[in-house]
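Please read the structure below before turning to the comments.
Please treat every number below as a calculation from the coordinates, not as lab data. All of these numbers come straight from a predicted model, not from anything done at the bench. No Cβ is skipped: glycine too gets one built from the backbone with ideal geometry, and neighbour counts run over all protein chains shown.
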There are 2 protein chains.
Amino acid sequence: MMEEKMTALREKISANAEVTEAALREACPVADEDLQSLFDAETYSLLGGGKRIRPFLVNAFCEALGGDTRVSMPFACALEMIHTYSLIHDDLPCMDDDDMRRGKPSNHKVFGYATALLAGDALLTRAFLTASSNPYADRGIRSDAVRLIAEAAGDCGMIGGQIIDLAGENETLAFDKLLRLHTLKTGALIRCAARLGCLAAGYAEGTAETEAATVYAEKIGLAFQVIDDILDAVGSEEELGKSVGGDADHHKTTFLTYFDVEGARKYAEELTADAIRSIASWERSETLETLAIYLLERTY
Amino acid sequence: MMEEKMTALREKISANAEVTEAALREACPVADEDLQSLFDAETYSLLGGGKRIRPFLVNAFCEALGGDTRVSMPFACALEMIHTYSLIHDDLPCMDDDDMRRGKPSNHKVFGYATALLAGDALLTRAFLTASSNPYADRGIRSDAVRLIAEAAGDCGMIGGQIIDLAGENETLAFDKLLRLHTLKTGALIRCAARLGCLAAGYAEGTAETEAATVYAEKIGLAFQVIDDILDAVGSEEELGKSVGGDADHHKTTFLTYFDVEGARKYAEELTADAIRSIASWERSETLETLAIYLLERTY
């Protein structure tokens with residue numbers, strides 16, 4: 001039974017990745033000789049890869065609440081642009097200095113430092129262009145979406161998490177600080193994805209549906225990071241497509257600073273159960289329930 | 001007569017800089033111990049300086065068209081955040097590598113490379129938060145403002161100009177490429193300022209007022225850059241607060257590649273006259289007319 005649901009989910013994720021790819025391609029700037037190196041650097045990192053889990057979440061919440069994914073897709077694309085820009089800037093020599101990303105050379109290794117910086121800036125900016133130009137949402141919804149994305153991506157969201165991360169590189173973070181780091185650095189966008197889906201389906205902030213979606217997203221966001229830490233410690237370089245053991249090399253605090261692998265897995269299971277509980281009463285909760293388990297059980 | 005108008009304009013600019021400073025301070029993130037270094041880096045570059053010419057333009061267009069500057073001010077602040085982030089990223093070692101900005105150490109010299117990068121990202125993101133949260137504009141206007149700003153600041157606007165600038169560092173740009181460089185790199189935000197002012201006053205894209213405002217802004221934007229090139233060649237380091245002769249050192253193409261100083265000044269005068277002509281029939285055109293002359297005659 002679970003195996004069937006999981007197969008169906010994998011197909012949904014794969015189908016969503018395909019339509020998201022097409023929508024992202026559509027949302028990219030058109031050819032321009034003077035600006036081609038910039039556009040190429042943007043599309044190099046944005047297109048051609050990944051499960052598109054954040055866009056999937058946006059669209060899945062929209063569908064779970066009876067909405068039309070034509071409305072949610074531009075918001076999903078905007079969020080993926082934000083995610084992509086953050087990876088480009090994260091990989092820069094002044095940040096994590098990573099040469100590889102998703103199994104290919106990182107943006108600045110291909111396009112150079114200056115162009116990679118600008119490509120990140122451009123994708124961040126284009127995210128807001130895409131959200132504010134959503135042809136299927138009325139202008140009020142667009143404005144609300146922009147606000148949600150800006151809050152999640154900004155100095156009190158994702159970027160705030162990056163600053164805590166930087167500050168904690170050479171010291172052990174207390175557990176509550178570690179929680180805050182991940183709640184902001186990766187959690188904020190996942191939370192935003194769920195809320196954008198609700199918004200696209202017509203549910204405003206403060207509704208019971210949006211509150212439940214927020215809880216779900218916060219729990220799976222944290223579980224996602226716990227699993228990441230486990231995989232980083234025990235995974236193989238080939239499976240991950242990035243250097244393994246990087247966290248330990250940098251003396252970073254991870255969930256394995258506070259749990260052994262078994263304890264960490266148990267913690268992630270509890271978070272996943274909480275996530276599922278928050279939306280279990282919804283008529284169309286199945287995809288989201290299966291997704292929570294899928295993310296818990298991933299091995300890459 | 002002109003001297004009186006100029007004195008009145010200087011007072012207006014100074015008064016606007018003061019209220020803009022207060023509005024920007026209001027729009028900054030509130031204190032948070034974990035995130036303080038990020039917030040400090042943002043406010044270091046955003047607050048405490050400058051004539052705030054872009055916000056002045058936003059508010060002046062709003063007033064010239066009978067609008068309420070309470071509506072335009074959050075958009076003006078958003079644009080100033082965009083301008084500030086672009087300076088922070090421009091000064092980074094991988095870009096222009098400038099140690100000084102506005103007479104004080106550039107952001108990365110004070111806060112370090114990584115934090116400066118993130119402070120720029122944060123200000124760019126906060127610009128869209130500020131525009132989409134404008135309490136005096138309805139949500140439709142907010143969404144339109146976000147779109148205008150994202151277009152102007154993005155890969156087909158300001159960032160596009162920066163890419164042309166990078167590509168042209170070691171070659172002589174053709175005159176039309178030089179025009180495009182400046183139309184995008186500095187012109188796009190000035191054009192956006194005028195259009196945001198129109199929007200805040202209730203004039204949509206495509207109206208005669210917005211078209212005239214766009215022409216005005218394009219002309220003074222170009223004149224501004226021509227004057228910049230002249231001042232860079234003949235100004236003094238003390239007056240400018242930044243290194244003089246930097247353009248020549250980098251073998252950059254400037255308007256003085258194509259004009260002598262007198263010819264360049266004549267070109268700027270013609271552009272200024274065109275700008276004034278485009279809005280001269282407006283009932284309340286005086287401030288904008290004087291501003292065009294003020295920018296032409298500036299010596300810093």
For the stretch B:115-136 versus the stretch A:251-300, the gap between their alpha-carbon centres in whole angstrom: 32
Need one value for B:109-119: mean number of C-beta atoms belonging to other chains within 10 Å of its residues' C-beta atoms. 4
For peptide B:136-145, the mean count of other chain Cβ atoms within 10 Å per residue Cβ is 5
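Ranked highest first by average number of other Cβ atoms within 10 Å, how do A:222-228, A:134-140 line up?
Ranked by mean Cβ neighbours within 10 Å, highest first: A:222-228, A:134-140.
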Would you please name the trypsin sites (Lys or Arg not before Pro) within the stretch B:263-296 that are DSSP coil residues with at most 16 other C-beta atoms within 10 Å of their C-beta? B:ARG284
Return P(r) of the stretch B:2-297 (all Cα-Cα pairs; 5 Å bins starting at 0; whole %; ordered from short to long distances). 1, 6, 12, 16, 19, 18, 14, 9, 4, 1, 0
Under 19 Å Cα-Cα from A:LYS109, which aspartates and glutamates qualify once same-chain neighbours fewer than 8 residues away are excluded? A:ASP40, A:GLU42, A:ASP90, A:ASP91, A:ASP96, A:ASP97, A:ASP98, A:ASP99, A:ASP121
Value of [θ]222 nm, deg cm²/dmol, for chain A, DSSP H segments ≥ 4, -39500 (n - 2.57) each, nearest 500: -23000 deg cm²/dmol
Using the structure shown, select from B:LYS185/B:LYS219; B:LYS177/B:LYS252; A:LYS185/A:LYS252; A:LYS51/A:LYS177; A:LYS5/A:LYS219; A:LYS104/A:LYS252 the pairs with a Cα to Cα distance greater than 19 angstrom. A:LYS51/A:LYS177; A:LYS5/A:LYS219; A:LYS104/A:LYS252
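Rounding to the nearest 20 debye, state how big the charge dipole of the protein assembly as shown is about its Cα centre with +1 on each Lys and Arg Cβ and -1 on each Asp and Glu Cβ.
Details: 58 positive and 100 negative charges, 262 e Å.
My answer is approximately 1260 debye.
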In whole Å, what are the Cα extents of the stretch B:1-104 along the three principal axes, biggest one first? 49, 29, 18
Translational diffusion of the protein assembly as shown, µm² s⁻¹ [Kirkwood Rh, Cα pairs; Stokes-Einstein; 20 °C; 1.002 mPa s]: 86
To the nearest 20 debye, the stretch B:258-299 has a Cα-centred charge dipole, built from +1 on Lys and Arg Cβ and -1 on Asp and Glu Cβ, of 80
Theoretical FRET efficiency, 1/(1+(r/R0)^6), r = Cβ-Cβ of B:THR257 and B:VAL19, R0 51 Å, to 0.05: 0.80
Rank A:LEU129, A:GLY161, A:SER143 by how far each Cα sits towards the positive end of the charge dipole of the stretch A:2-297 (+1 on Lys, Arg Cβ; -1 on Asp, Glu Cβ) and give me just the farthest. A:SER143
With 23 Å as the cut-off, how large is the P(r) tail for the stretch A:102-217, expressed as percent of Cα-Cα pairs? 45
